[in-house]
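The values are calculated or read from the model by the stated rules, or taken from the named source; none is laboratory data. If you're wondering where the values come from, they're calculated on a predicted model, not measured in any experiment. Ideal geometry is used to build each Cβ from the backbone, glycine not excepted, and the neighbour counts take in all protein chains shown. We work out accessible area using only protein heavy atoms, side chains counted, and drop any ligands, DNA or RNA first. Shrake-Rupley method; radii C 1.70, N 1.55, O 1.52, S 1.80 Å.
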Amino acid sequence: MRAPKFAKLVAQLPLLNQPQRQQVLAALHPAAGLDRVVALIGEIRSKGRCCPNCGCERCHRHGQANDLQRFRCCACGRTFNDLTGTSLARLRHKGKWLDYLETVLDSRTVRSSAKRVGVHPNTTFRWRHRFLDRVKDDRPDRLLGIVEADEMFLLESQKGARKLDRRPRKRGGRAALRGISHHLDCILVARDRSGQTIDAVTGRGALRVAQLVKHLLPRLDPQALLVTDANAAYPAFARAHGIAHQAVNLSAGKRVRNGAEGAIHVQNVNAYHRRFKEWLARFHGVASRWLPNYLGWHWALDGGRVTSVEQLLRIAFGVINR
């Protein structure tokens, strides 16, 4: 629009009544959301921008496409934008991303998010796991001091799968076998007294030493004190790798005892289990393949770690631990 026409349009805005002003704001909202998200993407990606093909940092502007600035690599000649090579590449409706991320902060369901944002439920489901793809990797590098570790179990789910490796069961359902079996997904959670937390879906069935070596050992400080329940996998793991270990015999009713290092218990990590299960219940069952994403989502929200859509967008781009 040319400047004189725009000035004339602005001069007529005070003449609008309230319903008309609401219509104008509703019409401008997607464009304002698009401008905001494009500016955020540029800010996040400006530092360390490089060619996703060859890694060269020398590039120049090369027009625009799909509302984003394109760049051409000076080394290989390939063109790219700030979303190329990320989990958000080729997603549509950028103007609604920030509104959707608000629903992620509110832990809304797929259908509720779709209604709030004004897109199809399939779109919000796709967005959920694209945005959470990097969120699950936002974890502390080390657990220090007294580290509590314990596992929890959820009924495995093949929701959405075209082929099942078992007989189908009714919604909700129960495990075919009593106790801990291959019908249950094992989730390991380790948490130090400062609140730093790591978690991992180790597989189906009981926890094994090899799984502790894979998921816990790389994040556990060598000087840490590992506090667990009486599961035999933990002392075997601790002995094999020279880690100080204390066990709490919960079955005997001994939940807390005092030690030279401080209070010995696993109530911190068990409380985290309870909060996660209560939070997960609103989704009425999630597929086992997506459990790591939901663990990352809950960790981002637990204790108010992530409180803004800007923080979520940074994590979705892989700018983590900030």
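Here is how the numbers come out for the structure above:
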{"quantity": "Helices (runs of 4 or more DSSP H) completely within the range 1-105 that count 3 or more residues being touching a residue at least 24 places away in the same chain (Cβ under 8 Å)", "calculated": "18-46, 97-105"}
{"quantity": "The range 158-187, subset under 28 Å from ALA232 (Cβ atoms) and of a type in the set (Gly, Ala, Ser), residue most open to solvent (accessible area, probe 1.4 Å)", "calculated": "ALA176"}
{"quantity": "Count of residues meeting criterion [open to solvent by less than 60 Å² (accessible area, probe 1.4 Å), of a type in the set (Gly, Ala, Ser) and in a helix (DSSP H, G or I)] in the range 297-322", "calculated": "3"}
{"quantity": "So ASP99, is it of a type in the set (D, E, K, R) and open to solvent by less than 80 Å² (accessible area, probe 1.4 Å)", "calculated": "yes"}
{"quantity": "Search result, residues across the range 227-271 that are of a type in the set (Asp, Glu) and under 31 Å from the mean Cα position of the chain (by Cα)", "calculated": "ASP229"}
{"quantity": "Listing of strands (runs of 3 or more DSSP E) fully contained in the range 217-261 that carry 1 or more residues being surrounded by 14 or more Cβ atoms within 10 Å (Cβ to Cβ)", "calculated": "225-228, 244-247"}
{"quantity": "So ASN268, is it outside any helix (DSSP H, G or I) and of a type outside the set (Gly, Ala, Ser)", "calculated": "no"}
{"quantity": "Flag if ALA206 is part of a loop (DSSP other than H, G, I, E, B) and more than 23 Å from ALA230 (Cα to Cα)", "calculated": "no"}
{"quantity": "Single condition ARG108 does not satisfy, out of (1) assigned to a loop (DSSP other than H, G, I, E, B); (2) open to solvent by less than 10 Å² (accessible area, probe 1.4 Å); (3) over 24 Å from ARG45 (Cα atoms)", "calculated": "(2)"}
{"quantity": "Among the candidates GLY85, GLY48, GLY77, GLY63, residue that is under 22 Å from the mean Cα position of the chain (by Cα) and either surrounded by fewer than 13 Cβ atoms within 10 Å (Cβ to Cβ) or on the phi > 0 side of the Ramachandran plot (or both)", "calculated": "GLY85"}
{"quantity": "Residue in the range 286-296 that is open to solvent by 30 Å² or more (accessible area, probe 1.4 Å), touching a Lys or Arg at 6+ places or on another chain (Cβ under 6 Å) and either of a type in the set (Asp, Glu) or in contact (Cβ under 8 Å) with a residue 24 or more places away in the chain (or both) present", "calculated": "yes"}
{"quantity": "GLU278 over 31 Å from the mean Cα position of the chain (by Cα) and either open to solvent by 60 Å² or more (accessible area, probe 1.4 Å) or within 25 Å of GLU156 (Cα to Cα) (or both)", "calculated": "no"}
